[in-house]
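What follows is a set of notes on a single structure, which appears directly below.
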Amino acid sequence: MTITKLYATQNSWSMVCGHHQSPIHIQSSKSLPMDDDGTIIRHDLITITNILRDENTLFIEAKSFTQINGRGFHLTQFHFHSPAEHLVDNHLAPMELHFVHQSQSGRFAVFSIFMEVGAHNTAFQQLLDIINSDLSALPIMDFHAQKLFPKDISYYHYLGSLTTPPLTENVEWYVFQNPIFIDKIQLNQFRAMYHHTARETQPRHNRPILFYQHRKENY
Ligand SMILES: [Zn+2]
């Protein structure tokens, strides 16, 4: 087909989408070392501006600035899923935390952090207490998010989608290899409010999964 004939059919063109959905099952043995530098620079201190809550969802709107591989992103909100959405080597964590960022041009980047049962987490407890308080009186507040990140921020990176409608694609995912911990009481406290808030895993369709190995000097 010549170029001319191709362009003559453009009224019948349609976009192919739906092949880059999230979450997925990450098989670590199939991941590739990342060529890019991959450094993440984030701030432990974030500002919580609002909490949106109904019977289905809980979104904590927050502000912070993050650099991913040299590009700037603004934190917009974070939220939790129970159980986790991503599977890694057939393991499903009890919970998964999503920090949702957007770049100045509108590109989404999500940090995904698994939450396992272990030691008490004071930062998560602070959030549980806020969620259970009178949200109508919630002031804009500083929040120390350090305990919501693992120390070693090695991550898997792939291109996927939002996991709730409108399921927008071309979302950059950064799925941290190491979990954070909450205790059993905290898990039960969250699950009493929200449970089964996870989308099923979607086909990978040969998308590459990259692996970034945390280097101590970066953070
Ligand atoms: Zn999510």
Counting only residues 5 or more apart in sequence or on a different chain, those whose built amide H sits under 5 Å from that of residue 40 are 69
In Hz, Karplus ³J(HN,Hα) per residue of region 67-72 (6.51, -1.76, 1.60; θ = phi - 60°; x = Gly, Pro) = 10, 10, 6, x, 10, x
Residue-wise, which Karplus ³J(HN,Hα) couplings in Hz belong to region 100-115, taking 6.51 cos²θ - 1.76 cosθ + 1.60, θ = phi - 60°, and x for glycine or proline?
-> 9, 10, 9, 7, 4, 8, x, 5, 8, 9, 10, 8, 10, 10, 6, 10
Would you please give the residues with an amide H less than 5 Å from that of residue 95, counting only those at least 5 places away or on a separate chain, with H modeled from the backbone geometry?
-> 84, 115
Work out the length of the dipole vector of region 129-216 about its Cα centre, built from +1 on the beta-carbon of each Lys and Arg and -1 on the beta-carbon of each Asp and Glu, and round it to the nearest 20 debye.
-> 420
Helix 184-193 vs. the chain, principal-axis angle (Cα, 0 to 90°, nearest 10) | 70
With point charges of +1 on the Cβ of Lys and Arg and -1 on the Cβ of Asp and Glu, referenced to the Cα centre of region 59-134, which listed residue (110, 124, 88) lies farthest in the positive direction of the dipole?
-> 110
What is the set of long-range amide H partners of residue 62 at a cut-off below 5 Å, with H atoms built 1.01 Å from backbone N?
-> 49, 77, 78
Peptides 136-143, 188-195, 7-14: what's the order by average Cβ count within 10 Å, highest mean first?
-> 188-195, 136-143, 7-14
Quick one: angle between helix 122-131 and the longest Cα principal axis of the chain, in degrees between 0 and 90, rounded to 10, please.
-> 90
Any idea what the alpha-carbon Rg over 2.2 N^0.38 Å comes to for the chain?
-> 1.10
Relative to the Cα centre, what is the charge dipole magnitude of region 19-218, using +1 at the beta carbon of each Lys and Arg, -1 at the beta carbon of each Asp and Glu, and rounding to the nearest 20 debye?
-> 260
Integer Hz, Karplus 6.51/-1.76/1.60 couplings in order for region 151-156, x for Gly and Pro = 5, 8, 9, 4, 8, 9
Listed pairs 184/216; 151/184; 30/184; 147/216; 147/184 exceeding 23 Å between Cα atoms | 184/216; 30/184
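Every read-out reported here was derived from the displayed coordinates using simple, explicitly stated rules and does not represent laboratory data. Keep in mind that this is a model prediction, so the values were computed, not measured. Cβ atoms come from the backbone with ideal geometry, glycine included; neighbour counts cover every protein chain shown.
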